[in-house]
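Report on the following structure.
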Amino acid sequence: MRVFESLRASRCDKSEVADLIDRFLEIRELYLEAWNDFVECPQKDPDVEVYGKTCDELDPLLNRPDPIDQEALAELRLMAEELRPQHPRPLLCTRMG
C-alpha cells in the first residue's frame, strides 16, 4: 500500500495525507496503524508536519469510542479539503498557528 509505505518513511505528500484522513474518517478501526504512524512520526515536508501536529492534537478527540468530538471531526474534514491539490491556495486550519 503506497500511502502506508510513504507514511512509514515520513515522506507523505499533502494528497496522501488527505487520502489517509478520508479513510480514517470512513472506517477508523481499519486505519489506526497508518493514522498512528502519521500523527506520531515527524514529516520531512514542513507543511505536512504542521498538519501532522494538528492531527496529533485532534487524535484524542477522534480516536476513541463514540461519541467523537464533532468539532474535531469537522476540523479534520476541512483539513482533508485543504490538502487536496485542486485547492488554488491553502487555507489555514484553525489550530495551526
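Since every read-out is calculated from the coordinates, none of them should be taken as a lab result. Just so it is clear, the structure is predicted and the values come from calculations on it, not from any experiment. Note that each Cβ is placed from the backbone with ideal geometry, even for glycine, and that neighbours are counted across all protein chains shown.
3J(HN,Hα) couplings calculated from phi for region 11-18 with the Karplus curve 6.51 cos²θ - 1.76 cosθ + 1.60 (θ = phi - 60°) are, in sequence order, 10, 7, 9, 4, 5, 5, 5, 4 Hz; Gly and Pro show x.
Counting neighbouring Cβ atoms within 10 Å and putting the fewest first, the residues LYS53, LYS44, LYS14 line up as LYS44, LYS53, LYS14. As a rough footprinting exposure proxy, the listed residues ASP66, ASP19 were ranked by other beta carbons within 10 Å of their own, and the order from fewest upward is ASP66, ASP19.
Ranked for footprinting exposure by Cβ neighbours inside 10 Å, fewest first, ILE21, ILE27 give ILE27, ILE21.
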